[in-house]
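Below you'll find the structure, written out as structure tokens, and then a few comments.
The values are calculated or read from the model by the stated rules, or taken from the named source; none is laboratory data. Please read all numbers here as calculations on a predicted model, not as lab measurements. Using ideal geometry, Cβ is built from the backbone for each residue, glycine included, and neighbour counts are taken over all protein chains shown. Quick note on the areas: whole protein, heavy atoms, side chains included, nothing else; ligands and nucleic acids left out. Shrake-Rupley method; radii C 1.70, N 1.55, O 1.52, S 1.80 Å.
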Amino acid sequence: RQTGDMIRFAAAHGMVGFDYDSLFGQWAVRGPMLYVHIRLGRNPDLTVDQVREEYFSAFGPAARQVEAYFDYWEHYSETKALHGGTDYGNCSKARKQYPPEAFAPAEALLGQALKLAQTSDLPEFAARVRFLQDGLKHAELAADFVGLYEAQEFAEARQALLDLVAFRRSHEPDFIAD
């Protein structure tokens, strides 16, 4: 919502376009944000809520549950994640920002979303929820590795890194991570 509001504000105050440098895809965890950027870049007269509604409709019967999943992370980042922003040059804080207990509610929301998506005769809805689940799993594996490494638990960190690499390799054609 924040970036959508910023794009709409900039457009209303003379912005004629934008250019992103080093825009990481990561659609499996940043889909709504990226979609908002693209749609508002094309039509800044849309509201953020209209664009979000359009995005979540791609999940069919799981639309509201997927929205709840992304709302969970939005609320989490605004209230529970370490304040002061994210130091993207230093990912060592990932486990502190996102401890294991932060993932359980998100996993439950996507589990419920998958059940709802599977009520449809169209398999793409369930496939899209599984895509989100894979993105969440990747984030959790990455945070596990970083936390162990930061704690200097090197034997465990090595295994966590091997697990992360194996997961990435098995999902490479899915584009869940850069």
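When you scan segment 123-144, do you find a residue that is of a type in the set (A, V, I, L, M, F, W, C), out of contact with any Lys or Arg (no Cβ under 8 Å at 6 or more places or on another chain), modelled with pLDDT under 95 and over 17 Å from A58 (Cα atoms), even just one? Looking through segment 123-144, at least one residue is of a type in the set (A, V, I, L, M, F, W, C), out of contact with any Lys or Arg (no Cβ under 8 Å at 6 or more places or on another chain), modelled with pLDDT under 95 and over 17 Å from A58 (Cα atoms). Taking the criterion of being open to solvent by 70 Å² or more (accessible area, probe 1.4 Å) and polar (S, T, N, Q), the only residue of segment 90-112 that qualifies is Q112. Only residues that are touching a residue at least 40 places away in the same chain (Cβ under 8 Å), open to solvent by less than 30 Å² (accessible area, probe 1.4 Å) and within 30 Å of A117 (Cβ to Cβ): list them for segment 141-160, please. A142, A143, listed by residue number. Within segment 2-37, the set of residues being at pLDDT below 90, assigned to a loop (DSSP other than H, G, I, E, B) and open to solvent by 60 Å² or more (accessible area, probe 1.4 Å) comprises V16, F18, D19, Y20, D21, S22, L23, F24.
Can you say whether S77 is over 29 Å from S57 (Cα atoms) and out of contact with any Leu (no Cβ under 8 Å at 6 or more places or on another chain), as far as the supplied structure shows? Against the criterion (over 29 Å from S57 (Cα atoms) and out of contact with any Leu (no Cβ under 8 Å at 6 or more places or on another chain)), S77 does not qualify.
Identify the residue in segment 118-140 that is open to solvent by 40 Å² or more (accessible area, probe 1.4 Å) and not in a helix (DSSP H, G or I) and, among all such residues, is farthest from W73 (Cα to Cα). Of everything passing the filter in segment 118-140, D121 is farthest from W73 (Cα to Cα).
Scanning for something open to solvent by 90 Å² or more (accessible area, probe 1.4 Å), modelled with pLDDT of 95 or more and assigned to a loop (DSSP other than H, G, I, E, B), does segment 74-82 turn up at least one residue? No, segment 74-82 has no match at all. Residues in segment 38-60 that are at pLDDT 95 or above and of a type in the set (G, A, S) were compared, and the one that is farthest from Q2 (Cα to Cα) is G60.
Screening K93, K137, K115 for residues that are within 16 Å of the chain's Cα centre (by Cα) and of a type in the set (K, R) leaves exactly one candidate, K137.
When every residue of segment 161-177 is checked against the conditions, at least one turns out to be small (G, A, S) and touching a residue at least 60 places away in the same chain (Cβ under 8 Å). Checking every residue in segment 55-70 against the condition of being more than 24 Å from D121 (Cα to Cα) and part of a helix (DSSP H, G or I) gives at least one match.
Screening R1 on (1) within 23 Å of K137 (Cα to Cα); (2) touching a residue at least 60 places away in the same chain (Cβ under 8 Å); (3) not aliphatic (A, V, I, L, M) shows it passes everything except condition (1). Within segment 164-178, restricting attention to residues that are within 17 Å of C91 (Cβ to Cβ) and part of a helix (DSSP H, G or I), the residue that is least open to solvent (accessible area, probe 1.4 Å) is L164.
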